[in-house]
């Protein structure tokens, strides 16, 4: 976090591509992993301290969490993309006007989301697939999650901008501290104080608050170039560009929440609480794997955006290719873990019944095939986003979360039952991969014609 070691915008345009990519990737990977471990330990402690019904209840709350994170990512990624492109073009004040617009809208809207969600938690819970057996457990977690929405939103929003301000190490430090604090508080609140779901949610909210405090120290550093700029703000035009750039991130996160919601409803109908518990295990271990993809995406966005703004198109291509290679290696490892060690994965989260073990082992082996194409789809969407090709980025996000997934979920679920539901995501990601390759070839042919034949 040394201010002298933080790269400048000029460094992003001149430093060797591989060195710069992996310098950013290390910090971003740790940050993403800490967030995943955050969620992972919540799940583990709830599974062992509250039980299988607690896991099912936690999974019901995830769509709300996805909405909050999705909004944060839309404003963060959308605003930071515009900011980095403007910096690459030498427009420093205009860059900060995007930061200002994003801050104002994020704070106001996150408060609205929080109040609405805290008041109407019960119908939200039933809409998410909860039944009377777990509604109170859902409520304990959901009231705090929604009431503290501004903490979750601002924590994620700030991290994106600070990474784009060439200080990923500070975001990493905040992630490490808050993650360790959350683990300790989870244990204390759930096992020592016996506060159950409310204790887990409270621990997560407080840890997020500490993370924000750490990141705010960036604004006192000599290297900070972010500041509020109200001159020539042009709020609505700035927000339009921010939302266009970031809408694919919102769709991706909200689609993840929608997927969980639809899966919960379908699984509750086809397999009951046992099936929802199995899916809770899968969706929470997914956070750990997705951390690698998110780390690569968080690396790609500022590097590609600032180089695009400066007209360094060859460096943009090189960063993308490094991102693709990184997620391909990771994807292969994830599939191997799922195929070889499904019982180990199940045993991490809870003391499972034979019914849960039998269903979860089968589900993991099918579901984990999705990671082969998933990494490419995520990194490709982020790449389009970093170049302000928002239509292509949005189309990929929609394909992953709605266009292919919703019909496949209901069709496969009706024909093959619970087993068909587990196959939905691999089928959807495979179809999306075909679309991603098509869009990449079109992008490279239009903007980087000399490499149109080697987009992947």
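Read the figures in this text as sums done on the coordinates, not as results from a lab. Small disclaimer: the values here were computed from a predicted structure and weren't measured. Positions of Cβ are generated from backbone atoms using ideal geometry, with glycine treated the same way; all protein chains shown enter the neighbour counts.
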Exercise. To the nearest 10 degrees, how steeply does helix 371-386 sit against the main Cα axis of the chain, on a 0 to 90 scale?
Worked result: 40 degrees
Exercise. Whole number please: convex hull volume per residue of the Cα set in the range 298-352, in Å³?
Worked result: 68 Å³
Seminar exercise, completed: Applying the gyration tensor rule to the Cα atoms of the range 257-317 (axes a ≥ b ≥ c; rounded if a/c under 1.5, else prolate if a/b exceeds b/c, else oblate), the class is prolate
Problem set entry | Three-way shape label, the range 334-456, alpha-carbon gyration tensor, a/c 1.5 | prolate
For this session: Would you kindly calculate the mean projected area, averaged across all directions, of the convex hull enclosing the Cα atoms of the range 196-293, in square nanometres?
Result: 10.2 nm²
Exercise. For the range 14-454, what is the Kirkwood estimate of the hydrodynamic radius, computed as the reciprocal of the mean inverse distance between distinct Cα atoms, to one decimal in Å?
Worked result: 21.9 Å
Exercise. Given the convex hull of the Cα atoms of the range 57-160, what is a quarter of its surface area in nm²?
Worked result: 6.3 nm²
Exercise. Stokes-Einstein at 20 °C, 1.002 mPa s, Kirkwood radius from Cα pairs: D for the range 1-124 in µm² s⁻¹?
Worked result: 119 µm²/s
Problem set entry | Segments 16-22, 377-383, 59-65 sorted - mean Cβ within 10 Å per residue, highest first | 377-383, 59-65, 16-22
For this session: With everything on Cα atoms, drop me the angle between helix 92-119 and the longest principal axis of the chain, reported from 0 to 90° to the nearest 10.
Result: 20 degrees
Exercise. Please report, for the Cα atoms of the range 244-387, the Rg to one decimal and the Dmax as a whole number; what are they, in angstrom?
Worked result: 17.8, 59
For this session: Run the numbers on the range 14-454 and let me know its relative contact order in percent, using alpha-carbon pairs under 8 Å that are six or more apart.
Result: 24 percent
Exercise. Can you give the angle from 0 to 90° between the axis of helix 196-216 and the longest principal axis of the chain, with both taken from C-alpha atoms, to the nearest 10?
Worked result: 10 degrees
